[in-house]
Each structure stands twice: as C-alpha cells, then as structure tokens.
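See below for the structure under consideration.
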Amino acid sequence: MKKRLAFFAYNLDFGGIEKSLVNLLNRIDMNEYEVSLFLEKKEGVFLHKVNPSVKIIEYEISNNKNILFRKLYNFFKRFIWSLFNRNKYDFSCCYATYSFMGSKLSKIASRNSSIYIHSDYRYLYKEIKEFEKFFSSRGIEKFNRIFFVSNESRNNFLDIFNNLENKSLVLNNFIDDKEILSLSLEKVNYKKKNGIQFVFIGRLDESSKQITKLLHLIIELNKVMKVNLLVVGDGPDKEKYLDYVKKHNLSKLVDFVGSKTNPYPYINLADYLVLTSLYEGFPVVYLEALLLNKRIITTIDSSDEFIKMSDGYAHIISKGEDKMVEEVMNILKNNKTDCKKVDFDLMNRKKMEVLKKIFDEVV
C-alpha cells in the first residue's frame, strides 16, 4: 500500500519557493507514494508542470475585512477539514513558511509533520520578540521536523529556539538540471550588449533584494569599464527601480524584461549572476547559475552539506555600497576563472534519500 504525503503552500506562481516545490514533487516516486498538494489558491504559472499523479486541492481561506467573521469562518472550515483528514497522511509538510493555513493543516494532517524555512528570518525580524512571535504563531515547536535551506538560517533560528535543535536539519532545494540545461538553449528576444553583462533574477523587493545597491554599482563601475545589467523578475518596487534608472540616465545600461517562466536563456547570456541582497536562505538561482557555469557575485554566503558558496562557488562581497564597488571592481579586473563544478545528479540523489527516510519515518 502506498504511503500518503501531503504538502501545503499558497499557490504555484512565480518564485523560488514555488519552483522548488514543483521540483520536489516531481522527484517523488509515484509508485511508492500517493501525493496531495493543498493550495490556498489553485493558480500559478507552474501548475501545469506538476506531475499529473499529484492531486492538487484548493483550500481557500477567508480574507474578509470583518475580523470576527474571518476567524469564525476559517476556524469552522479547519474544524470540518480536520474531521476527515486528521492523521490521514504518513507525512505532511508546510512548504511555504509564510502560509498560516499550511502550518495549521500540516500538523493536523500527520503526526509526522514538518515545515520548510526558506529564508533567514533573523534579518526579516530584527527584534527577537517579533521573531519568536512569528514562529510561535506557526506552532513551530509542534512540528516533528524543521527543514532549512542553509546552515546560516538554521544556526540563526537555533540561537532563539535552541530547544529545537534535534528537530532541525538542512536540506536544500531541488533543481531539475536536465530541464534547465534544455530550456537554457531557447532563443529569446534579447541581444547581449557590448561589455560585461550582469543578470539579476528574482523578486523586485527593496526590503530584501536591495536592488538600488546593484543599480548604484552599475553607475560606479561604468566610470571605469562598460557593465550592463539585465533584470529578470517583477515585484512591488519595480516602479521605484524604473524611476531610479530614469533619474540616473541608466536606460542604455539597464534592461527590465519582467518575470519569465524560463529565465535560463537570460542567465546564459550573462557573464555574472549578481545579488546584492540583505538576506536570503540559499537562493535557487545560485544552483541554476552554477549548473549553467556562470560566475556569481553575491552578498550572501550560504552553505549546506554539499556547497559552501565562498569555497570557490561564488565571489562574496560586502553589503556596504562603497566597499561593494571596490570589491566588484577588483573581481572584474582580476578574475577570469570559471565557477567550481557541482555534481547535481549525486547531490539530488542524496537529498532524496534523506527525504525518503523521513517520509517513511525511519529517522
């Protein structure tokens, strides 16, 4: 008899978390497991990429402005759901950390419940009380397993919740290496410009990605050499960045192409993938760039069991603007080496071996 697995998320629209979830689901052996995916909204560009054997179910919550109505509606809906689904599954996972619904239903669905933490929340919540409040509202201590995508985010979490060390492990995201290599060959309506080509892939959100620092970097570098920037993604601060480009006369150096279901040809066009983020977990785009043999310049030195970014996989730079400019200038002038190679087949197989043991409750 197949074991039952349940995953919970918000939707399957653009994003590293959503893409990683699809890659994970598609690596599960459907001959061994019966998989259900619960979404708050059954929508998104990655829906059609999910293995058809996965049962996708919409669990829509109320966002009514009337707080009392909203709480009562969601409580009774969860109560009815629990009557039919309590401990129904052999394994459950709230894959989107921010999904309050997912954190509640995952613990109901299985005694073998888990949650994935994809970012370093110590940067998002500066005050310890706010950090504790966020994770306590998710009932973090009641999960059987807590997954992190990097050693750094796990260590920062355990600085606060040190009693949960035995439940915590680092297991980075999966990527579909064969599909990425194939899709990277697709032709796109963009011609690489003269000079050094940077590419940024991600959400246009200043609070975490700090793209104004990257735009400032382009201004300063072009005083010495020709450097262009290609921005792939969308987000709440897009207009802010467009205004910045217009104000500083960067339109010939910076191009915004929006969100792309296939960003890999754009990575292929670049000389460097560049991230100037304030915080991250272990960005999926790191793995994608390494697979496509692209050099990485980043402010985030992530690591897991398989990869430590500063160990020949990326150039780690400072987060301060002035120091950042100086360091990137030196990298561009002096470094022409290719990035360190990764055996993605081996890495993905080992990750899945760990997950299967957890699915089957043998660890």
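Only four residue types carry charge here, +1 at the Cβ of Lys and Arg and -1 at the Cβ of Asp and Glu. Report the dipole size of the chain about the Cα centre in Debye, rounded to the nearest 20.
700 debye
Would you mind working out the magnitude of the charge dipole of the stretch 4-152 relative to its Cα centre, with +1 at each Lys and Arg C-beta and -1 at each Asp and Glu C-beta, to the nearest 20 Debye?
Rounded to the nearest 20 debye, it is 580 debye.
Please give the contour-minus-distance gain from Asn166 to Asn26: 0.36 nm per residue of separation, less the Cα-Cα distance, rounded to one decimal in nm.
Contour length minus Cα-Cα distance gives 47.6 nm.
Using Cβ counts within 10 Å as a stand-in for footprinting exposure, how do Phe200, Phe135 rank, fewest first? Spell out each step's value before the answer.
Details: Phe200 24, Phe135 21.
The fewest-first ordering by Cβ neighbours comes to Phe135, Phe200.
Between Leu346 and Asn155, what FRET efficiency follows from the Cβ-Cβ distance if R0 is 25 Å, with the result rounded to 0.05?
On the way: r = 25 Å, r/R0 = 1.01.
E between Leu346 and Asn155, to the nearest 0.05, is 0.50.
Rounded, prolate or oblate for the stretch 178-334? Axes are the square roots of the Cα gyration tensor eigenvalues, ordered a ≥ b ≥ c, and the cut-off for rounded is a/c under 1.5.
Rounded, because the longest to shortest axis ratio a/c is under 1.5.
Work out from phi, with θ = phi - 60° and the Karplus expression 6.51 cos²θ - 1.76 cosθ + 1.60, the ³J(HN,Hα) of each residue of the stretch 339-354, listed in order in whole Hz, and give x for Gly and Pro.
6, 5, 7, 10, 8, 5, 4, 5, 4, 5, 5, 5, 4, 5, 4, 5
Quick one: length gained pulling Ser136 to Lys2 fully straight, 0.36 nm per residue minus the C-alpha distance?
This chain segment gains 44.9 nm when fully extended.
Please work out how much length the chain gains when fully extended from Ser310 to Glu353, using 0.36 nm per residue of separation minus the C-alpha to C-alpha distance, in nm with one decimal.
The Ser310-Glu353 span can extend by a further 12.8 nm.
What ranking, highest mean first, results for peptides 83-89, 323-329 when packing means the other Cβ atoms within 10 Å averaged over each residue?
Answer by packing, highest mean first, reads 323-329, 83-89.
Order of Lys247, Lys19 from fewest to most other C-beta atoms within 10 Å?
Listing Lys247, Lys19 from fewest to most nearby Cβ atoms yields Lys247, Lys19.
Each residue of the stretch 202-209 in order: what ³J(HN,Hα) in whole Hz does its phi give by Karplus 6.51 cos²θ - 1.76 cosθ + 1.60, θ = phi - 60°, with x for Gly and Pro?
Going residue by residue, I get x, 7, 8, 9, 5, 4, 10, 7 Hz, with x marking Gly and Pro.
In nm, to one decimal, how far is the modelled label at Lys333 from the one at His248, with both set 7 Å along Cα→Cβ?
Once both label points are built, they end up 2.1 nm from each other.
Specify whether the C-alpha gyration tensor of the stretch 153-265 places it in the rounded, prolate or oblate class, a ≥ b ≥ c being the square roots of the eigenvalues: rounded for a/c under 1.5, otherwise prolate if a/b is larger than b/c and oblate if not.
oblate
Putting +1 on Lys and Arg Cβ atoms and -1 on Asp and Glu Cβ atoms, find which of Ile219, Val354, Val328 reaches farthest to the positive end of the dipole of the chain.
Val354
Would you look at the GNM of the chain, springs on alpha carbons closer than 10 Å, and say which of Leu68, Leu204, Leu21 moves the most?
The residue that fluctuates most here is Leu68.
Could you put Leu332, Leu290, Leu124, Leu12 in order, starting from the residue whose Cβ has the fewest other Cβ atoms within 10 Å?
Placing the least packed residue first, the sequence is Leu124, Leu332, Leu290, Leu12.
Enumerate the amide H contacts of Val54 below 5 Å, restricted to partners 5 or more residues apart or on another chain; note that Pro and chain-start residues carry no placed amide H.
Sorted by chain and number, the residues that satisfy this come to none at all.
From the phi angles alone, apply the Karplus equation (6.51, -1.76, 1.60; θ = phi - 60°) to the stretch 108-119 and give each ³J(HN,Hα) in whole Hz, x where the residue is Gly or Pro.
After applying 6.51 cos²θ - 1.76 cosθ + 1.60, I find 6, 5, 7, 6, 9, 8, 8, 9, 9, 10, 9, 10 Hz.
Using a Gaussian network model of the chain with C-alpha springs under 10 Å, which one of Asn335, Asn155, Asn112 is most mobile by mean-square fluctuation?
Comparing Asn335, Asn155, Asn112 in the GNM, the peak value goes to Asn335.
No lab work stands behind these numbers, since they all come straight from the coordinates. Since the structure is predicted, the reported quantities are computational estimates derived from the model, not experimental observations. Every residue, glycine as well, gets a Cβ built from its backbone with ideal geometry; the counts of neighbours run over all protein chains shown.
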